[in-house]
Each structure stands twice: as C-alpha cells, then as structure tokens.
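Scroll down for the structure; my scribbles are underneath it.
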Amino acid sequence: WYRNGERDRTYFAVPYKDGAGVRPFYVDWLVQLRDGRLALFDTKEGITAATAGPKSEGLARYIADEIRLGRHMFGGIVVRRNDSWWYWDGPGYSWDPGLGGWTILSL
C-alpha cells in the first residue's frame, strides 16, 4: 500500500470536474493486492463524505477507463462505520449516512 501525497505533481491524481474546470484529485490510498489488482481509495467522513460527489465521479470515470484498457483495478470513496470499511465505486455518487447502495470492503 502507498499513502499518496497532496497538491504536488509528483503524486498520483485523477482528473475531476470542479465547477467549470478540471482539477487533480489526489486519491488517499493506492493498494496493490496479491491477486494483482490495484485498488484506489479515498477516505471520507462527515461533510467531506457528503460533498465528495464530483471527486467520486472523477475516480469512477478514471477506473472505468483503465478497466477498458485491460487494467485490473477497483476503488472509490471509502467511509468507516462500526469497525468496517464501506465504499462507493460507481457513477451517480449518493451519500447516505445509512450506507444504502454502498459496498462493504472485503479484501
């Protein structure tokens, strides 16, 4: 695993739409799994989970594009609830404090 940095072109970022422009989104964690998959996760909680829509959409687009190129990866926005990690991994980001539509992370 690798804890990614922020705000520096030497770190990994995916593009996301912010208003009228496109900005870099520095995903928190890059994890290489034993089976060869790469997982990209960004941890959120509270208000940052509620406002993560544009970043989630950018990350979902990036992962879908990489999968189309034959890369084995997954990931998304991640929150911790009751000693478990849950993630949203697709388009149409929807923050629900009850985690409806979210997937429990099982590696």
If I take R0 = 30 Å and measure r between the Cβ atoms of TYR11 and LEU99 in this structure, what FRET efficiency does the formula 1/(1 + (r/R0)^6) give, to the nearest 0.05?
0.55
Please list 3J(HN,Hα) in residue order for the stretch 36-45, calculated via the Karplus relation 6.51 cos²θ - 1.76 cosθ + 1.60 where θ = phi - 60°; whole Hz, with x for glycine and proline.
x, 6, 10, 10, 10, 10, 10, 7, 9, 7
Note, the stretch 27-35: 3J(HN,Hα) by Karplus (6.51, -1.76, 1.60, θ = phi - 60°), whole Hz, Gly/Pro = x, goes 4, 4, 10, 10, 10, 8, 8, 4, 7
Pull up all non-local amide H partners of MET73: gap of 5 or more, or a different chain, and H-to-H distance under 5 Å with H placed in the peptide plane.
LEU38
In the chain, what percent of the accessible surface is made up of carbon and sulfur (1.4 Å probe, ligands and nucleic acids excluded)?
51
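What does the accessible area per residue of the stretch 12-76 come to in Å², with a 1.4 Å probe and no ligands, DNA or RNA counted?
57
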If you restrict to DSSP beta bridges whose two residues both lie in the chain, what percentage is antiparallel, to the nearest 5?
75
Spin-label point model (7 Å from Cα, Cβ direction): what's the TYR2 to ARG81 distance in nm?
3.1
Based solely on its DSSP helices, what 222 nm [θ] is calculated for the chain when runs of n ≥ 4 H residues each add -39,500 (n - 2.57) and the sum is averaged over all residues, nearest 500 deg cm²/dmol?
-6000 deg cm²/dmol
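The values are calculated or read from the model by the stated rules, or taken from the named source; none is laboratory data. Just so it is clear, the structure is predicted and the values come from calculations on it, not from any experiment. Using ideal geometry, Cβ is built from the backbone for each residue, glycine included, and neighbour counts are taken over all protein chains shown. Heavy atoms of the whole protein, side chains included, go into the accessibility calculation; ligands, DNA and RNA do not. Shrake-Rupley method; radii C 1.70, N 1.55, O 1.52, S 1.80 Å.
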